[in-house]
Amino acid sequence: MNEWNQTDFVDFLEKKSTGLIYFYTPLCGTCQLASKMLQVVEELVDTPMGKMNLNFYPQLARDLAIESVPCLLIVRDGKVVEMLYAFHSVPYLLDKIKSICE
């Protein structure tokens, strides 16, 4: 999963793309576990994915009303359709993503 910046994020939404945007912070243990789960998911689905270190984008966190990390935005046609904070398991993530993105 590639690291995105603010421009990548805005371009993704403006192009009315469908995919996933993962927000994390490097020192968060739960984020590290979620990152590993998403690496597996990335191999199993053909969905664009990007990740962003929320420490660098506090205004974006406020604008999106992100409550905590890890946070996975599921985007369909340039609109955020769901925000996940509890990742549960790889099968859970796959079901969620496939139901919205495919």
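The values are calculated or read from the model by the stated rules, or taken from the named source; none is laboratory data. In this text, all values refer to a predicted model and were calculated from it rather than measured experimentally. For neighbour counting, all protein chains shown are included, and Cβ atoms are generated from backbone atoms with ideal geometry for every residue, glycine included.
Assorted remarks:
- Looking only at the stretch 66-102, and only at residues there that are among the acidic types (Asp, Glu) and not in a helix (DSSP H, G or I), the one that is modelled with the lowest pLDDT: 102
- All positions within the stretch 13-54 that are farther than 15 Å from residue 71 by Cβ, among the charged types (D, E, K, R) and touching a strand residue (DSSP E or B) at 6+ places or on another chain (Cβ under 9 Å): 16, 42
- The residue of the stretch 3-34 that is nearest to the chain's Cα centre (by Cα), among those that are in a loop (DSSP other than H, G, I, E, B), within 24 Å of residue 46 (Cβ to Cβ) and of a type outside the set (S, T, N, Q), is 4.
Yes/no matrix, rows are residues, columns are (1) loosely packed, with under 12 Cβ neighbours inside 10 Å; (2) out of contact with any Pro (no Cβ under 8 Å at 6 or more places or on another chain):
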{"residue": "3", "(1), (2)": "yes, yes"}
{"residue": "10", "(1), (2)": "no, yes"}
{"residue": "26", "(1), (2)": "yes, yes"}
{"residue": "30", "(1), (2)": "no, no"}
{"residue": "43", "(1), (2)": "yes, yes"}
{"residue": "48", "(1), (2)": "no, yes"}
{"residue": "55", "(1), (2)": "no, no"}
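- Across the stretch 1-34, the number of residues qualifying as farther than 20 Å from residue 60 by Cα and of a type outside the set (A, V, I, L, M, F, W, C) comes to 3.
- Each residue in the stretch 80-102 was checked for being without any contact (Cβ under 8 Å) to a residue 12 or more places away in the chain and not aliphatic (A, V, I, L, M), and 5 of them qualify.
- Subset tally (residues that are in contact with a Lys or Arg (Cβ under 6 Å, 6 or more places away or on another chain) and on the phi < 0 side of the Ramachandran plot) for the stretch 70-99: 0
- Sole exception among (1) touching a Leu at 6+ places or on another chain (Cβ under 7 Å); (2) assigned to a helix (DSSP H, G or I); (3) surrounded by fewer than 18 Cβ atoms within 10 Å (Cβ to Cβ) for residue 63, by number: (1)
- Answer residue from the stretch 37-51, given it is more than 11 Å from the chain's Cα centre (by Cα), of a type in the set (A, V, I, L, M) and part of a helix (DSSP H, G or I) and is farthest from residue 89 (Cα to Cα) among those: 44
- Of 66, 21, all but one fail to be out of contact with any Gly (no Cβ under 7 Å at 6 or more places or on another chain) and touching a residue at least 12 places away in the same chain (Cβ under 8 Å); the exception is 66.
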